[in-house]
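Data block below; observations after.
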Amino acid sequence: MRVARSLTRAALVALLCLACVAPWDATAWAQRSRRTQSRGAQAKGDPAHWRAALEQVSAESMKGHLSFLASDALEGRKTPSRGLDIAAEYIAAQFRRAGLEPAGDDGYFQTVKWADVATNSRRARARLTPEAGEMKVRNVAGLLRGSDPTLKDTYVIVSAHYDHIGVRENCDPSKEDCVNNGANDNGSGTVGVVELASALSKLSKRPRRSILFLTFFGEELGLVGSRYYGQHPLVPLRQTIAQLNMEQVGRTDDSEGAQVGTLALTGFDYTDVGAVLQRAGEVEGVRVYKHPTNSDSFFSRSDNQSLADAGVPAHTAGVAFQFPDYHAVGDEWQKVDFNNMARVVRTVGRGLLALADSAQPPRWNEQNPKAAPYVEAWKKLQESGQ
């Protein structure tokens, strides 16, 4: 902790550039799975350039990213904090490296004063000290422009929140672990967005629609960053056809049992996005499913809710709903199953490409009464011209 405070922002970001990742041996199971995936992709006529790009999603690369973002040096990425700022700079650097277009109001950043957004949440107001209210918070946004002359002005969002809950209060770092590192929640989702930005930027042929890569601040305080985005969108909401949000995609030790090769989608049957992601999972060897209770009850608990409220078909994809040391100091990067995470991120990437290349946008399910408020919001959005 004391060492971390003495480092400059530039030095901390440089740590990741110097980090090396130890090679890992693929298991026979993973090798068999990859061969099955390849055969399945060929059988379904999957575009070769999609396969080539998605193969760039690397477990080792994600291990390198996450070991930095979830390190003690970032002090738990609390909103607002110096550690959160360093994480934002790092994500922007990765978007820049991938060649994404800056999509914010300040390069890759959508910037706002903490004092201007903290009043919208009770938990956020508790952190509205005079010192914090001078501070700025930032969503990070990069754009992969689509290829179709008309559809490139429509958008699919892939997102995650990059904040966590910071350092334990009244904790002595000389005697105990004080940093809530937030590796799975939600360093894993953030790294998934970063890795897809790198992989999909290598597409030999881009999808027809544009893809907005977006990471949010302040989810842990009441979806503050995504709600700000919903009120101040960087691309028109009416032209945003879907959002795929990633949350807790790294660990497989779910409280209900191991979740290897599975991916749950919140609000699975609220729109037809669930079916799109399910087909993507079949190619990647991942079972995409609706959890009988959690898929609906968790719909409002992540950043998809902010865009759903505006009428955009939006969901969160995750592996473990609940896991040991949730919001505790034990949520560290060493506990992540990076091999499984790579399969899951490829599944999200394939679903993302299917949505971005589709002629028709997804729709809310008007037969599902739980989707009714979002159907109405969608109708109002289409009428608003926003």
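The values are calculated or read from the model by the stated rules, or taken from the named source; none is laboratory data. This structure is a prediction, so every number in the text was calculated from the model and none was measured. Reconstructed Cβ throughout: ideal geometry from the backbone, glycine too, with neighbour counts over all protein chains shown. Protein only, heavy atoms only, side chains kept; ligands, DNA and RNA dropped before computing areas. Shrake-Rupley method; radii C 1.70, N 1.55, O 1.52, S 1.80 Å.
Quick one: dipole size for the chain, taken about the Cα centre, charges +1 on Lys/Arg Cβ and -1 on Asp/Glu Cβ, in debye to the nearest 20. With Lys and Arg at +1 and Asp and Glu at -1, about 940 debye. Taking the DSSP bridge list for the chain and keeping only pairs wholly inside it, about 50 percent are antiparallel. Checking every one of the trypsin sites (Lys or Arg not before Pro) in the stretch 163-234 against DSSP loop status and a limit of 12 other Cβ atoms within 10 Å picks out Lys175, Lys205. Compare the Cα positions of Phe298, Ala275, Thr129 along the charge dipole of the chain (+1 at Cβ of Lys, Arg; -1 at Cβ of Asp, Glu; about the Cα centre) and return the one farthest towards the positive end. The Cα lying farthest towards the positive end belongs to Ala275. Could you tell me which of rounded, prolate or oblate describes the stretch 174-245, using a ≥ b ≥ c as the square roots of the eigenvalues of the alpha-carbon gyration tensor, with rounded for a/c under 1.5 and, failing that, prolate when a/b is larger than b/c and oblate otherwise? Oblate shape, in that a/c is at least 1.5 and b/c is the bigger or equal ratio. Label positions at Lys335 and Arg363, each projected 7 Å from the Cα along the C-beta direction, are separated by 4.4 nm. Sites counted here are GluC sites (Glu not before Pro) in a DSSP loop (not H, G, I, E or B) having no more than 16 other Cβ atoms within 10 Å; the longest part of the chain that contains none of them is 257-365. Relative contact order of the stretch 79-236, taken over Cα pairs closer than 8 Å and 6 or more residues apart, is 31 percent.
What the pair-distance distribution of the chain shows, using all Cα-Cα distances binned every 10 Å from zero, is 5, 25, 36, 25, 8, 1, 0 percent. Calculated mean residue ellipticity at 222 nm for the chain: -11500 deg cm²/dmol, from DSSP H runs with n ≥ 4 weighted as -39500 (n - 2.57), summed, divided by the residue count and rounded to 500. Using the Cβ-Cβ distance between Arg123 and Lys205 with R0 set to 35 Å, the FRET efficiency from 1/(1 + (r/R0)^6) comes to roughly 0.20. Mean separation of Cα pairs under 8 Å and 6 or more residues apart, divided by the residue count, gives the chain a relative contact order of 20 percent.
Surface composition of the stretch 271-385: carbon and sulfur atoms hold 51% of the protein heavy-atom accessible area at a 1.4 Å probe. Cα centroids of the stretch 199-216 and the stretch 58-80: 23 Å apart.
Counting only protein heavy atoms and a 1.4 Å probe, the chain has 41 square angstrom of accessible area per residue. Spin-label model, Ala372/Ala48: points 7 Å from Cα along the beta carbon direction are separated by 5.2 nm. Across the stretch 73-141, the mean sequence separation of Cα contacts (distance under 8 Å, 6 or more residues apart), normalised by length, yields a relative contact order of 35 percent. So which of Lys175/Lys335; Lys290/Lys380; Lys78/Lys113; Lys78/Lys175 end up more than 18 Å apart, counting from Cα to Cα? Too far apart for the 18 Å limit: Lys175/Lys335; Lys290/Lys380; Lys78/Lys175.
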